[in-house]
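Below you'll find the structure I mean.
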Amino acid sequence: MLYQIYETQRSIMEPFSDLAQAASKLYGNTLNPMAQSPLAQRVSAGYSLMHRLGKDYVKPEFGIQTVKVHGTDVAIHERVEIDKPFCELRRFKRYTDDPATLNLLKSQPPVLIVAPLSGHYATLLRDTVRNMLQDHKVYITDWKNARLVPLTDGEFHLDDYVNYVQEFIRHLQSIYGNCHVMSVCQPTVPVLAAVSLMASRGEKTPLTMTMMGGPIDARLSPTAVNNLATNKSFEWFENNVIYRVPPNFPGAGRRVYPGFLQHTGFVAMNPDRHANSHYDFFKDLLKGDDASAEAHRKFYDEYNAVLDMDADYYLETIQTVFQDFKLVNGTWDVKGVDGKVERVRPQDIKKTALLTVEGELDDISGSGQTRAAQDLCSSIPKDQRTHMEVEGAGHYGIFSGRRWREMVYPQVVKFIKAHALPTTLEAKPAVVKPTSPTAVKAKAKPAAQINPASKAAAPAKKAVAIKNVAKTPAKAGSQPASKTAPAKAGKTPVKTQWASPKKQA
C-alpha cells in the first residue's frame, strides 16, 4: 500500500516539478523583461531547486564516448553481451585505427567488474570503468530495476546472483582463456562465493580477484549499516520494507524493497550534509557559478537514481551476510542452476591471486571487513595475497574520484599486470600455460602477519604486494599528510610497500 501511495504522490507532484522547471527558465531568460527585476535571479534559483527536489530521477547513462590509451583517443562502443532477466552483462568495446594502439588493446587483460546491487545503478561505477578502460578490456554487470521485470521471469535469489557471476566468468574465459574479476562493495560476498564454488569443482578460476570495500565479515568494525541489519529481526525487514510493485509497471505484483525507501535511508544517514549541499546549489545559482551548480546536478542525478531490489534477494542478503555471517562461519550453501546444493569453501581457492582494498574512513564497510577475505582464502599462497588501505578515503573514494584515480587505480593496474597471461585473441578460447615469474627481491610480509603500526617489513624472495598505505596531503578540513612522503609539485604523496613479479613476455 505504501508503494502505491508514494507513486500517487509522485504522479501528483510531477506536473508541479515540470512547471517549476519552466518558471526557472522563464525568469532566467535574459530576453524576458521580468528577468530584469532585482529578484528574478533569486526566483529562478528557487524554482530550479524546487524542480530538482520534486523531479523523478531515471537511470543515468554511462556516457563514456572515448578514453585515452597511452595518449591516443580510443572510441568506446557500449553493448550488451548477455541479457539475463535481472542483469545485463555490458561490454565497453574499444576501437581505434592506429595499428600500434590496436595491438596494445588486444594484448591487455579482460576484467569483469561486478557492480553492487544495493540501491544504485551500475553507473555509480562510471569513474571506475573509465579508468579501467585505459589498460583493460572491460565488462560490467548492469543490474535491472526489479519493478521492470515481469513476474513471468521468476524470482531472484542470492543464489541466482552467485550463479550469474559464475556464468559471466565462464563467458569471458571462453573468449580469452581466462579473466580477472573486480567487485565493489556488496558483490564482494557473492563473487567470493562464485569463485569458491568454481574452485571446489575443479573449474578454472579467474587469475585475480580484486575486492573493494565489501562486507566479507560484517562483524568487524560495525557501521550504521551493519547495526541496522543486526539490531532488527528478519521478520522486521520482511514486514516493514517489502512491498509489491504497483500495477503501472511491468513487474506489477512483484515483492521488492522499493528504491524510494532505500533513498530515504541513504539521506537519513547524513541529512545535514544533503541539506547544506542543496543550499549551496541555490547560492551557486545566485552567484552565477555554473560549474559548481552543474557538478551538483551531476552528482544528484546519480545519487537520486535508485532501483527496486527483488525481496528474496534482499532478505537473503540481510540474513546471510549481516545476521548469520554464513560466509565466515563456513555454513553457506548455494543452490546451482542444476538444483545441486554446494557449500561455499573459500579455502579451496588456490590459483587466484587476491587483492583487498579498504578506505580508512569507510562508513559503509568498516575497517577489516574486506581484509577478512585474506584469512578465508587460506590456500592462496601468501605471496599472492595483497591488502591495500587508503588513508583519508571514504567508501566512494576507493572506486571514484581523485583518490581512486591517483592512489588505488595505479596499484590495481600493477596487481593485475603482475598476474596476467599474454592474450591476443578474442574470437576463440585460448589456453595459455603460464611460466614461473622471475623472482625479484623485495621487502614484504605475508598479509596474515601484517602489523599496521609497523614500518619495517621482512625480506622475501618471491615478489608480491602485501601492504600499501596511500597518504594524501592535508587540506583544510582533511586528514594530515604523511611526514614520510613529502609532496612533489602537482602530485599526491603516496607511501607504499609494493613488489610485483616481472610480466611474462
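The values are calculated or read from the model by the stated rules, or taken from the named source; none is laboratory data. No experiment lies behind these values; they were computed from the predicted model shown. Positions of Cβ are backbone-derived with ideal geometry, glycine not excepted, and every protein chain shown enters the neighbour counts.
For segment 335-383, enumerate the residues that are in contact with a His (Cβ under 7 Å, 6 or more places away or on another chain) and closer than 18 Å to Thr205 by Cα.
Within segment 335-383, Ala353, Thr356, Gln374 meet the criteria.
Now, a different point. Taking segment 57-94 on its own, how many of its residues are closer than 30 Å to Lys283 by Cβ and touching a helix residue (DSSP H, G or I) at 6+ places or on another chain (Cβ under 6 Å)?
Qualifying residue count for the region: 1.
Could you check, for segment 47-56, whether at least one of its residues is in contact with an Asp or Glu (Cβ under 7 Å, 6 or more places away or on another chain) and in a strand (DSSP E or B)?
Checked against the condition, which is being in contact with an Asp or Glu (Cβ under 7 Å, 6 or more places away or on another chain) and in a strand (DSSP E or B), segment 47-56 yields no hits at all.
Same structure, new question: Could you pull out every one of the strands (runs of 3 or more DSSP E) wholly within segment 125-234 that has 2 or more residues that are crowded, with 19+ Cβ neighbours inside 10 Å and touching a Lys or Arg at 6+ places or on another chain (Cβ under 9 Å)?
Correct list: 137-143.
Only one residue in Arg255, Arg273, Arg244 is in contact with a Lys or Arg (Cβ under 8 Å, 6 or more places away or on another chain) and over 30 Å from Ile169 (Cα atoms), so which one is that?
Testing whether each residue is in contact with a Lys or Arg (Cβ under 8 Å, 6 or more places away or on another chain) and over 30 Å from Ile169 (Cα atoms) leaves just Arg244.
What are the residues in segment 210-257 that are aliphatic (A, V, I, L, M) and within 26 Å of the chain's Cα centre (by Cα), if any?
Result: Met211, Met212, Ile216, Ala218, Leu220, Ala224, Val225, Leu228, Ala229, Val241, Ile242, Val256.
If you take the residues of segment 365-386 that are in a helix (DSSP H, G or I) and at pLDDT 95 or above, which of them is farthest from Thr352 (Cα to Cα)?
If we take residues in segment 365-386 being in a helix (DSSP H, G or I) and at pLDDT 95 or above, then Ala372 is farthest from Thr352 (Cα to Cα).
How many residues does segment 388-418 hold that are acidic (Asp, Glu) and not in a helix (DSSP H, G or I)?
Summing the residues that are acidic (Asp, Glu) and not in a helix (DSSP H, G or I) in segment 388-418 gives 2.
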